[in-house]
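Step one of this worksheet: look at the structure below.
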Amino acid sequence: MSDTNLKKTPLNEVHRNSGGKMVDFGGWDMPVQYTAGVIAEHLATREKVGLFDVSHMGEIWVEGADAIAFVNKLTTNDVTKLVDGQAHYSALTNDNGGVVDDLLVYRFDQDKLLLVVNAGTTDKDWDWITSHKADENITLTNASADYCQIAIQGPKALEIAQKFTDINLSEIKYYHFTVGTFNGVDAIISRTGYTGEDGFEIYANKDFAEKLWNDFIEAGAEHGILPCGLAARNTLRLEAAMSLYGHELSDDISPLEAGLGWICKLNKGDFTGREHLAKLKEDGVKRKIVGFEVIDRGIARDEMEVYVGDEKVGVVTSGSPAPFLKKNIGLAFLPTEFAKNGQEIKIDVRGKKLAAVVVPTPFYKRNR
């Protein structure tokens, strides 16, 4: 896809002017890194603060008297348990229990939910959701093009974000949010993120994106804030062992195999794929996602083959150096009998089989 056909976030020009190295990311023109480099961006987020443009994510409103019942019918987690101002992580599943997408569900009130979905699957998700609407009293709105979404993440995120609002941000619990004035504009202020760090994701009208971004950079300068690209976002989420759609999750991978049984509330009532997931749970999964650490010198990358002895048993779903941990790590699907901590495996890195070992996840957990 040529540059001219790529979708652009409202911050595209800012990234280019800030030295962002732009790449095609699922049809979006996005910065993979800036001049400081991936390791510097990763460490800034772990130790101080990093700023991320996640405006490419999709936003779908579900409004009306049947909003909760409708979303509960399509997703694995129990929407009825959410209270106003709370969000949860969930999955849209197909009839076979595979994952159409993973998403966040935000409850504004009993008649108003916001679904935040992945950028590359927004159109697919929209088609999936709208195709399942029957006679429910709801209105569906794909508002993805209306919003910017900026994530400020790291130990200094709260202190910097607090400069922009009178709302006491320390009172917002993890996976909760509020609506109010932020830097002079109406915004959704959500204590969520995809880095393993504390922080906030700010949703606002796309016209305010550049001002929000630039003011964050200015306000965070004394704390060493760095703009961060897709590469650091990926290494950060991998250290925290968070799933990436298309890697640890897909239409052919169930949440149970991906270690996300905790978001599958099989007792909540019927939902798409429930029957299949219940049977899978009863029979036991044949493969599981595991974390591994490479012992030999070398880096395991996505899609490399995993061996136990001479037998190919699985494939790496995500693999890279872990800048903060100073190790080479990854996630892989293994048959259940090998999916145990301490299991020795080998990874085929360009014809050379490197020793690795299955370890507990997450690889990194922040001090709370």
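The values are calculated or read from the model by the stated rules, or taken from the named source; none is laboratory data. Quick caveat, the model's predicted, so the values are computed rather than measured. When we count neighbours, we look across all protein chains shown, and the Cβ atoms used for this are built from the backbone with ideal geometry, even at glycine.
One table, with the values for the structure above:
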| item | result |
| --- | --- |
| Qualifying residues in segment 318-360 (those that are touching an Asp or Glu at 6+ places or on another chain (Cβ under 6 Å) and among the β-branched types (Val, Ile, Thr)) - the one farthest from VAL306 (Cα to Cα) | VAL359 |
| Filter result for ALA161 (closer than 28 Å to LYS8 by Cβ, at pLDDT 95 or above and part of a strand (DSSP E or B)) | no |
| Segment 211-250, subset of a type in the set (Gly, Ala, Ser) and part of a helix (DSSP H, G or I), residue surrounded by the most Cβ atoms within 10 Å (Cβ to Cβ) | ALA232 |
| Any hit, segment 109-127, residues being among the aromatic types (Phe, Trp, Tyr) and out of contact with any Gly (no Cβ under 8 Å at 6 or more places or on another chain) | no |
| The listed residue being crowded, with 22+ Cβ neighbours inside 10 Å, assigned to a strand (DSSP E or B), touching a residue at least 24 places away in the same chain (Cβ under 8 Å) and under 16 Å from the mean Cα position of the chain (by Cα), out of ILE189, ILE152 | ILE152 |
| Candidate set from segment 41-75 (those that are touching a Pro at 6+ places or on another chain (Cβ under 9 Å) and of a type in the set (A, V, I, L, M)); member that is surrounded by the fewest Cβ atoms within 10 Å (Cβ to Cβ) | LEU43 |
| Selection status of SER190, at pLDDT 95 or above and touching a Leu at 6+ places or on another chain (Cβ under 7 Å) | no |
| Filter pass, GLY50 being in the same structural domain as ASP198 (by TED's automatic domain parsing), over 18 Å from LYS268 (Cα atoms) and at pLDDT below 95 | no |
| ALA204 being in a helix (DSSP H, G or I) and either small (Gly, Ala, Ser) or farther than 30 Å from THR317 by Cα (or both) | no |
| Subset of segment 290-314 (residues that are over 29 Å from GLY37 (Cβ atoms) and part of a strand (DSSP E or B)) | VAL290, GLU305, VAL306, TYR307, VAL308, GLU311, LYS312, VAL313, GLY314 |
| Residue list for segment 25-40, restricted to those being farther than 20 Å from TYR203 by Cβ, buried (at least 19 other Cβ atoms within 10 Å of the Cβ) and in contact (Cβ under 8 Å) with a residue 60 or more places away in the chain | GLN33, TYR34, VAL38 |
| Residues satisfying the stated conditions in segment 87-111, i.e. of a type in the set (S, T, N, Q), under 16 Å from ASP270 (Cβ atoms) and not in a strand (DSSP E or B) | ASN94, ASN96 |
| Residues (aliphatic (A, V, I, L, M), in contact (Cβ under 8 Å) with a residue 40 or more places away in the chain and farther than 30 Å from ASN214 by Cα) located in segment 226-270 | ALA241, LEU249, ILE253, LEU256, ALA258, LEU260, ILE263 |
